[in-house]
Amino acid sequence: MEQKIVANNLVNHEVKIFDRHEIVLTGIKKITSFDPEEFLLETTMGMLLIKGSNLDIVSLDTRNGHIEIKGKVNSYEYLDTNKKGRQENSFIARLFQ
């Protein structure tokens with residue numbers, strides 16, 4: 001499922017986790033995909049992947065780019081698109097081209 005968020009007043013990006021059962025984020029540009037185990041969000045600081053169980057949206061403010069998610073949070077990771085580019089140019093990758 002894909003849902004686009006257009007946030008007009010994006011100022012900064014914050015991540016707050018409360019007891020691993022609630023995560024509040026600001027600076028959200030777009031929800032790329034989500035399901036009960038995983039959220040993929042485009043933030044002002046890059047792509048953010050949140051993994052857990054029973055994840056669900058509690059509140060969503062598209063105007064300010066704010067989202068609140070409940071459920072058990074197991075991990076969150078920023079996906080660095082530059083790493084992929086560097087891997088493709090690695091010595092081993094060039095050998096198999």
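The values are calculated or read from the model by the stated rules, or taken from the named source; none is laboratory data. All values derive from a computational prediction rather than experimental measurement. Don't worry about glycine lacking a Cβ; one is built from the backbone with ideal geometry, like all the others, and counts go over all protein chains shown.
Brief remarks on what is shown
- Segment 19-74, residues that are in contact with a Gly (Cβ under 7 Å, 6 or more places away or on another chain), on the phi > 0 side of the Ramachandran plot and of a type outside the set (Gly, Ala, Ser): Asn54
- Members of segment 45-88 that are among the basic types (Lys, Arg), at pLDDT below 95 and more than 21 Å from Thr26 (Cβ to Cβ): Lys83, Lys84, Arg86
- Count of segment 14-51 residues, restricted to those that are farther than 16 Å from Asp80 by Cβ and outside any strand (DSSP E or B), is 6.
- Some residue of segment 3-13 being in a strand (DSSP E or B), at pLDDT below 95 and either loosely packed, with under 11 Cβ neighbours inside 10 Å or of a type outside the set (A, V, I, L, M) (or both): yes
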